[in-house]
Amino acid sequence: DTGVSQNPRHKITKRGQNVTFRCDPISEHNRLYWYRQTLGQGPEFLTYFQNEAQLEKSRLLSDRFSAERPKGSFSTLEIQRTEQGDSAMYLCASSLEGGGRDTQYFGPGTRLTVL
Amino acid sequence: AQSVTQLDSQVPVFEEAPVELRCNYSSSVSVYLFWYVQYPNQGLQLLLKYLSGSTLVESINGFEAEFNKSQTSFHLRKPSVHISDTAEYFCAVSDHGAGGFKTIFGAGTRLFVKA
(Lines give C-alpha, C1' and ligand atoms only; values in the text may rest on other atoms or scores of the structure.)
Protein backbone atom coordinates (compact mmCIF):
# COMPACT_ATOMS: atom_id res chain seq x y z
CA ASP A 1 0.00 0.00 0.00
CA THR A 2 1.56 3.30 -1.06
CA GLY A 3 -0.91 5.60 0.65
CA VAL A 4 -0.52 7.65 3.81
CA SER A 5 -0.13 5.47 6.87
CA GLN A 6 -0.60 6.36 10.51
CA ASN A 7 0.37 4.51 13.65
CA PRO A 8 -1.06 3.57 15.98
CA ARG A 9 -4.64 3.41 14.72
CA HIS A 10 -6.02 3.60 18.24
CA LYS A 11 -4.51 4.89 21.45
CA ILE A 12 -6.06 4.84 24.90
CA THR A 13 -4.20 6.70 27.59
CA LYS A 14 -4.72 8.12 31.02
CA ARG A 15 -4.92 11.82 31.63
CA GLY A 16 -1.51 13.32 32.19
CA GLN A 17 0.39 10.82 30.07
CA ASN A 18 2.35 11.71 26.95
CA VAL A 19 1.48 10.18 23.59
CA THR A 20 3.22 10.20 20.23
CA PHE A 21 1.69 9.47 16.83
CA ARG A 22 3.51 8.74 13.62
CA CYS A 23 2.59 9.58 10.05
CA ASP A 24 4.29 8.18 6.96
CA PRO A 25 3.30 10.22 3.90
CA ILE A 26 3.28 9.12 0.30
CA SER A 27 6.98 8.86 -0.47
CA GLU A 28 7.46 11.64 -3.00
CA HIS A 29 5.18 14.14 -1.26
CA ASN A 30 6.92 17.21 0.12
CA ARG A 31 4.02 18.59 2.15
CA LEU A 32 2.58 17.00 5.27
CA TYR A 33 -0.37 18.17 7.33
CA TRP A 34 -1.87 17.33 10.70
CA TYR A 35 -5.55 17.78 11.50
CA ARG A 36 -7.78 16.96 14.44
CA GLN A 37 -11.34 15.78 13.99
CA THR A 38 -13.90 15.48 16.76
CA LEU A 39 -17.27 13.80 16.51
CA GLY A 40 -19.67 15.69 14.28
CA GLN A 41 -17.07 18.15 13.07
CA GLY A 42 -14.85 18.51 10.07
CA PRO A 43 -11.09 18.23 10.34
CA GLU A 44 -9.43 21.19 12.05
CA PHE A 45 -6.04 22.26 10.76
CA LEU A 46 -3.21 21.90 13.27
CA THR A 47 0.04 22.35 11.38
CA TYR A 48 1.85 21.65 8.14
CA PHE A 49 5.35 20.99 6.91
CA GLN A 50 7.05 21.63 3.63
CA ASN A 51 9.89 19.15 3.61
CA GLU A 52 11.34 19.38 7.13
CA ALA A 53 10.24 22.97 7.78
CA GLN A 54 7.15 23.57 9.89
CA LEU A 55 5.58 26.52 8.09
CA GLU A 56 2.36 27.15 9.95
CA LYS A 57 0.78 26.23 13.25
CA SER A 58 -2.80 26.71 14.30
CA ARG A 59 -3.69 28.45 17.52
CA LEU A 60 -5.34 25.13 18.37
CA LEU A 61 -1.84 23.71 18.77
CA SER A 62 -1.14 24.53 22.40
CA ASP A 63 2.26 24.33 24.03
CA ARG A 64 1.53 20.71 24.94
CA PHE A 65 1.52 19.77 21.26
CA SER A 66 4.64 19.45 19.17
CA ALA A 67 5.17 18.11 15.69
CA GLU A 68 8.36 17.24 13.89
CA ARG A 69 9.41 16.05 10.48
CA PRO A 70 13.14 15.66 10.98
CA LYS A 71 14.22 14.38 7.57
CA GLY A 72 11.36 15.59 5.50
CA SER A 73 9.80 12.15 5.36
CA PHE A 74 7.76 10.78 8.27
CA SER A 75 6.34 13.05 10.95
CA THR A 76 5.50 12.68 14.61
CA LEU A 77 2.90 14.50 16.66
CA GLU A 78 3.43 14.46 20.40
CA ILE A 79 0.92 15.50 23.02
CA GLN A 80 2.28 16.04 26.49
CA ARG A 81 0.23 15.85 29.68
CA THR A 82 -2.86 14.71 27.83
CA GLU A 83 -6.27 16.03 28.83
CA GLN A 84 -9.70 14.55 28.23
CA GLY A 85 -10.37 17.32 25.73
CA ASP A 86 -7.58 15.94 23.57
CA SER A 87 -9.71 12.89 22.75
CA ALA A 88 -10.22 13.02 19.00
CA MET A 89 -9.19 11.51 15.69
CA TYR A 90 -5.81 12.84 14.57
CA LEU A 91 -5.47 12.88 10.80
CA CYS A 92 -2.39 13.19 8.69
CA ALA A 93 -2.36 14.13 5.02
CA SER A 94 0.32 14.66 2.42
CA SER A 95 0.55 16.38 -0.93
CA LEU A 96 3.05 16.89 -3.72
CA GLU A 97 2.59 20.39 -4.98
CA GLY A 98 2.08 23.59 -3.06
CA GLY A 99 0.33 26.92 -2.83
CA GLY A 100 -3.03 25.58 -1.83
CA ARG A 101 -3.92 23.85 -5.07
CA ASP A 102 -2.45 20.52 -4.16
CA THR A 103 -4.58 17.48 -3.54
CA GLN A 104 -4.20 16.22 -0.01
CA TYR A 105 -4.25 12.47 0.53
CA PHE A 106 -5.40 11.47 3.98
CA GLY A 107 -4.34 8.64 6.20
CA PRO A 108 -6.80 6.53 8.19
CA GLY A 109 -6.19 8.53 11.36
CA THR A 110 -5.22 7.76 14.94
CA ARG A 111 -8.09 7.73 17.38
CA LEU A 112 -7.01 9.01 20.78
CA THR A 113 -9.07 8.35 23.88
CA VAL A 114 -7.96 10.05 27.09
CA LEU A 115 -9.49 8.52 30.21
CA ALA B 1 -10.33 34.81 7.87
CA GLN B 2 -11.57 31.88 5.90
CA SER B 3 -14.64 29.93 6.92
CA VAL B 4 -16.83 27.22 5.44
CA THR B 5 -20.50 26.70 6.20
CA GLN B 6 -22.30 23.53 5.27
CA LEU B 7 -25.91 24.42 5.69
CA ASP B 8 -27.28 20.94 6.30
CA SER B 9 -25.89 18.56 8.88
CA GLN B 10 -27.95 15.64 7.57
CA VAL B 11 -29.66 15.00 4.26
CA PRO B 12 -31.89 11.93 3.95
CA VAL B 13 -32.91 11.07 0.41
CA PHE B 14 -34.44 8.13 -1.41
CA GLU B 15 -32.40 6.10 -3.86
CA GLU B 16 -32.43 7.46 -7.44
CA ALA B 17 -33.58 10.89 -6.26
CA PRO B 18 -31.49 14.00 -6.92
CA VAL B 19 -29.54 15.61 -4.11
CA GLU B 20 -27.80 18.91 -3.41
CA LEU B 21 -25.39 19.44 -0.53
CA ARG B 22 -24.87 23.10 0.13
CA CYS B 23 -21.59 24.82 0.90
CA ASN B 24 -20.83 28.51 1.37
CA TYR B 25 -17.44 29.96 2.11
CA SER B 26 -15.91 33.26 3.05
CA SER B 27 -12.44 34.37 2.16
CA SER B 28 -10.70 37.62 1.47
CA VAL B 29 -8.54 36.18 -1.29
CA SER B 30 -8.94 33.87 -4.22
CA VAL B 31 -9.62 30.31 -3.19
CA TYR B 32 -9.41 26.72 -4.17
CA LEU B 33 -12.45 24.62 -3.28
CA PHE B 34 -12.76 20.94 -2.53
CA TRP B 35 -15.31 18.31 -1.65
CA TYR B 36 -14.10 15.31 0.33
CA VAL B 37 -16.09 12.17 1.13
CA GLN B 38 -15.73 9.92 4.14
CA TYR B 39 -17.41 6.54 3.86
CA PRO B 40 -18.22 4.68 7.07
CA ASN B 41 -15.05 3.51 8.81
CA GLN B 42 -12.81 4.89 6.06
CA GLY B 43 -10.52 7.87 5.68
CA LEU B 44 -11.21 11.09 3.82
CA GLN B 45 -11.04 10.91 0.03
CA LEU B 46 -11.02 13.77 -2.44
CA LEU B 47 -14.23 13.78 -4.47
CA LEU B 48 -13.65 16.82 -6.69
CA LYS B 49 -11.95 20.18 -6.69
CA TYR B 50 -12.10 23.62 -8.26
CA LEU B 51 -8.79 25.34 -8.88
CA SER B 52 -9.45 27.58 -11.88
CA GLY B 53 -11.07 27.56 -15.28
CA SER B 54 -14.51 26.05 -15.76
CA THR B 55 -16.71 26.71 -12.77
CA LEU B 56 -18.41 23.32 -13.13
CA VAL B 57 -16.34 20.38 -11.96
CA GLU B 58 -17.27 16.72 -12.00
CA SER B 59 -16.26 13.55 -10.21
CA ILE B 60 -15.94 10.10 -11.70
CA ASN B 61 -18.99 8.79 -9.83
CA GLY B 62 -21.53 11.29 -11.07
CA PHE B 63 -21.22 14.15 -8.59
CA GLU B 64 -20.70 17.71 -9.78
CA ALA B 65 -20.14 21.04 -8.08
CA GLU B 66 -20.34 24.58 -9.37
CA PHE B 67 -18.20 27.44 -8.16
CA ASN B 68 -20.29 30.59 -7.84
CA LYS B 69 -18.05 33.50 -6.94
CA SER B 70 -20.82 36.06 -6.54
CA GLN B 71 -22.69 33.84 -4.10
CA THR B 72 -19.50 32.40 -2.57
CA SER B 73 -20.93 28.93 -2.93
CA PHE B 74 -19.72 25.53 -4.07
CA HIS B 75 -22.77 23.29 -3.86
CA LEU B 76 -22.45 19.57 -4.59
CA ARG B 77 -25.10 17.85 -6.70
CA LYS B 78 -25.94 14.43 -8.06
CA PRO B 79 -28.96 13.81 -10.31
CA SER B 80 -29.58 10.26 -9.04
CA VAL B 81 -28.08 8.86 -5.85
CA HIS B 82 -27.28 5.28 -4.95
CA ILE B 83 -27.28 3.50 -1.62
CA SER B 84 -23.49 3.40 -1.87
CA ASP B 85 -23.36 7.22 -1.78
CA THR B 86 -24.26 7.11 1.90
CA ALA B 87 -21.35 8.90 3.56
CA GLU B 88 -20.24 12.13 5.17
CA TYR B 89 -19.32 14.90 2.76
CA PHE B 90 -16.98 17.74 3.67
CA CYS B 91 -16.56 21.00 1.81
CA ALA B 92 -13.14 22.63 2.17
CA VAL B 93 -11.42 25.84 1.09
CA SER B 94 -7.80 26.82 0.84
CA ASP B 95 -6.40 30.11 -0.31
CA HIS B 96 -3.43 31.09 -2.37
CA GLY B 97 -2.80 34.40 -0.72
CA ALA B 98 0.46 35.43 0.84
CA GLY B 99 1.33 34.63 4.42
CA GLY B 100 0.75 30.94 4.71
CA PHE B 101 -1.47 28.12 3.71
CA LYS B 102 -4.05 25.92 5.35
CA THR B 103 -7.25 24.17 4.40
CA ILE B 104 -10.42 24.91 6.29
CA PHE B 105 -13.14 22.26 6.39
CA GLY B 106 -16.84 22.59 6.98
CA ALA B 107 -18.58 20.60 9.68
CA GLY B 108 -19.79 18.02 7.19
CA THR B 109 -23.11 16.84 5.78
CA ARG B 110 -24.21 13.30 6.38
CA LEU B 111 -25.94 11.97 3.28
CA PHE B 112 -28.21 9.03 4.03
CA VAL B 113 -29.66 7.26 1.00
CA LYS B 114 -32.72 5.16 1.70
CA ALA B 115 -34.03 2.28 -0.42
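The values are calculated or read from the model by the stated rules, or taken from the named source; none is laboratory data. In this text the structure is predicted, and so the values were computed from the model without any measurement. Backbone-built Cβ (ideal geometry, glycine too); neighbour counts: all protein chains shown. Protein only, heavy atoms only, side chains kept; ligands, DNA and RNA dropped before computing areas. Shrake-Rupley method; radii C 1.70, N 1.55, O 1.52, S 1.80 Å.
Note on exposure: B:D8, A:D63 ranked by accessible area (1.4 Å probe, complete protein assembly) read A:D63, B:D8, with the most exposed listed first. Loop-located trypsin sites (Lys or Arg not before Pro) in the range B:45-89 (DSSP state other than H, G, I, E, B) with a sparse environment of at most 15 neighbouring Cβ atoms within 10 Å: B:K69. For the range B:12-109, the set of GluC sites (Glu not before Pro) satisfying both a DSSP loop assignment and a count of at most 16 other C-beta atoms within 10 Å is given as B:E15, B:E16.
Okay, which of the range A:15-56 sit inside 11 Å, backbone N to the point 7 Å along the Cα-Cβ direction of A:Q84? So the set is A:15.
Could you check which residue among B:L51, B:L21, B:L33 shows the biggest mean-square fluctuation in a GNM of chain B with a 10 Å Cα cutoff? Judging by the Gaussian network model, the answer is B:L51.
Report the calculated FRET efficiency for B:R77 and B:L46 (r = Cβ-Cβ distance, R0 = 25 Å), to the nearest 0.05. That pair, B:R77 with B:L46, gives E of 0.90.
Relative contact order of the range A:24-115, taken over Cα pairs closer than 8 Å and 6 or more residues apart, is 30 percent.
Counting only lysines at least 8 places from B:K78 when in the same chain, those with an alpha carbon closer than 29 Å to its own are B:K49, B:K69, B:K102, B:K114. Using a simple spin-label model with pseudo-atoms 7 Å out from Cα toward Cβ, B:D8 and A:N18 lie 4.8 nm apart.
Ignoring aspartates and glutamates fewer than eight residues from A:K11 along the same chain, the ones with Cα atoms less than 12 angstrom from its Cα are A:D86.
Each of A:A53, A:V19, A:S95 was scored by the projection of its Cα onto the charge dipole of chain A, and the greatest displacement toward the positive side belongs to A:V19; charges sit on the C-beta of Lys, Arg, Asp and Glu. Annotation for the range A:10-83: trypsin sites (Lys or Arg not before Pro) lying in DSSP loop with at most 10 further Cβ atoms inside 10 Å of their Cβ are A:K14, A:R59, A:K71.
In the range A:37-94, the portion of solvent-accessible area held by carbon and sulfur atoms comes to 44 percent [1.4 Å probe, whole percent, DNA, RNA and ligands not counted].
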